Amino acid sequence: MWEVVLWPFIALALFWLLILLIYPYNYVPFRYSELNKIPGPKGYPIIGNFWIFLTTSSAEFFPLIKEMNDKYGPILRFHGFGRNDIVINDLDVIEKLLSSTRYIKKSGDYNFLTPWLREGLLTSTGSKWHSRRKLLTPTFHFKILDYYMPVLIRNTDIFIEKLREHMDEPFIRINNFTTLLTLDIISETAMGVKINAQEDKEVEYVKAVHRMSEIFQLRQLTIRLHRDSIFQLSPIGREQTKLLKTLQGFTRKIIEERREEYKTLKNGLSDSNGKATKRRHLAFLDQLIEISEREGNLTDLDIQEEVDTFMFEGHDTTSAALSWAMYLLGAHPNIQEKVVEELNDIFGDSYRPPGSEDLARMKYLEQVIKEALRIYPSVPAFGRKLETEIEARQRFAMMEEKVVLSTVLRNFKLESLDKPKDIVPLGELITRPKDPLRIRFRTR
């Protein structure tokens, strides 16, 4: 008899355990009267209308949102599991939202990045975001960008040679190559360290960066892993802890070495010829250390937040942009030839590397890059948590893409083997193809 009586209590306990597991910490009571003014799919208790996404893969995400937009309009409401999300596909509203420094508090999904990036520019908000933005913006002025040009050229030359090594193959899965290229570039420009990812892709730090990006995507799409306490007890959570030791230990060591080097050089030590050693102003890290020593408002942890952020943001987005641009150029030979004509006008028969003035003349190539970003944006979505009502970018990346693409097109003719209708973009943090983009490279 007692077993029969206990079953309701057991069922109730399991129910509340389920709620504990799936409800995020930032639960906000539904404001149905206002929420229902926004169109969207039908909702149910607890799960709201997030039930739509419970069995949706990242490959199905974009077609699903398009279907919802066609049915309900450019502004949709989704709620459930303690969340109220408004998905906006209206350009005027998006421009108003992203161009304002008022709406800068990030959505809850960004919390998944904080174990790695802590409170860097990507994840911070409020006064800290404003002060960091003001502090960091001058570090990317035109003059300092010129210092980065040799880094871009040297690593792009390695990229070209790696492509040549695989030219006899039926096609090249270009994503794999661009990721290693952009990792090499960002590590040298952000930290002043050559990790040689293109030469040795088994470097522990390189593997850790890749895996951390994958874990973020997986956690974002898996509701049961949203709660920190549950995630940390999971196998993937324990794996992340090990990866963080590798990632943060690496950058922490570099920062400590650079700060000691700065202090040594500042003391006016001379080289073997008795001449005063000059401080080099190349890496983003070096500039932050100099600001820290001069103004005293950045700790090593503050510097690490921004360096880790640039390492994360600065390789995956540009890698995706380069891959999509090369795919589109290979799929549209007439456009590719117009870019080559522009490059011939600039360089003629010369094989010299590009300079800043050359990049400025690449007007048509810049249009191609921007159109590729419009069709396949590197970051397909931004999330903001609004605390007040609302009525319904970066030069270095463009420079990097121009250097790489112009050099590739001066050396190779591209032919994309995948038809646009067969390409399935994944609805993840970075817009990636479901299957690697296959491009055939031939000597031009």
Select from the range 52-73 the residues that are touching a strand residue (DSSP E or B) at 6+ places or on another chain (Cβ under 9 Å) and surrounded by 15 or more Cβ atoms within 10 Å (Cβ to Cβ) and list them in ascending order. 52, 53, 58, 59, 61, 62, 65, 68, 69
Examine the range 189-199 for a residue that is part of a helix (DSSP H, G or I), modelled with pLDDT of 80 or more and in the same structural domain as residue 396 (by TED's automatic domain parsing), and state whether such a residue exists. yes
Within the range 91-121, count every residue that is modelled with pLDDT of 85 or more and more than 19 Å from residue 300 (Cβ to Cβ). 3
Selection over the range 55-94 where residues are more than 20 Å from the chain's Cα centre (by Cα) and either at positive phi or part of a helix (DSSP H, G or I) (or both) yields a count of 18
Can you find even one residue in the range 167-187 that is acidic (Asp, Glu), surrounded by 20 or more Cβ atoms within 10 Å (Cβ to Cβ) and modelled with pLDDT of 90 or more? yes
Can you tell me how many residues in the range 384-422 are modelled with pLDDT under 90, within 22 Å of residue 329 (Cβ to Cβ) and buried (at least 18 other Cβ atoms within 10 Å of the Cβ)? 4
Condition set surrounded by 23 or more Cβ atoms within 10 Å (Cβ to Cβ) and of a type in the set (Val, Ile, Thr), scope the range 308-338, selection farthest from residue 209 (Cα to Cα): answer is 318
Identify, please: which residue in the range 200-231 is among the basic types (Lys, Arg), assigned to a helix (DSSP H, G or I) and farther than 12 Å from residue 247 by Cβ and is, among those, modelled with the lowest pLDDT? 224
Taking into account only those residues within the range 65-81 that are in contact with a helix residue (DSSP H, G or I) (Cβ under 9 Å, 6 or more places away or on another chain) and under 21 Å from residue 216 (Cβ atoms), which is modelled with the lowest pLDDT? 81
Looking for something within 22 Å of the chain's Cα centre (by Cα), charged (D, E, K, R), in the same structural domain as residue 135 (by TED's automatic domain parsing) and over 25 Å from residue 417 (Cβ atoms) - is there at least one such residue anywhere in the range 311-322? yes
Assess whether residue 100 counts as being crowded, with 16+ Cβ neighbours inside 10 Å, out of contact with any strand residue (DSSP E or B) (no Cβ under 7 Å at 6 or more places or on another chain) and in a loop (DSSP other than H, G, I, E, B). no
Only one of these is over 16 Å from residue 189 (Cβ atoms), part of a loop (DSSP other than H, G, I, E, B) and under 23 Å from the mean Cα position of the chain (by Cα): 119, 169. Name it. 119
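The values are calculated or read from the model by the stated rules, or taken from the named source; none is laboratory data. Every value quoted in this text rests on a predicted model; they were computed, and no experiment measured them. Neighbour counts run over all protein chains shown; Cβ positions are idealised from the backbone, glycine included.
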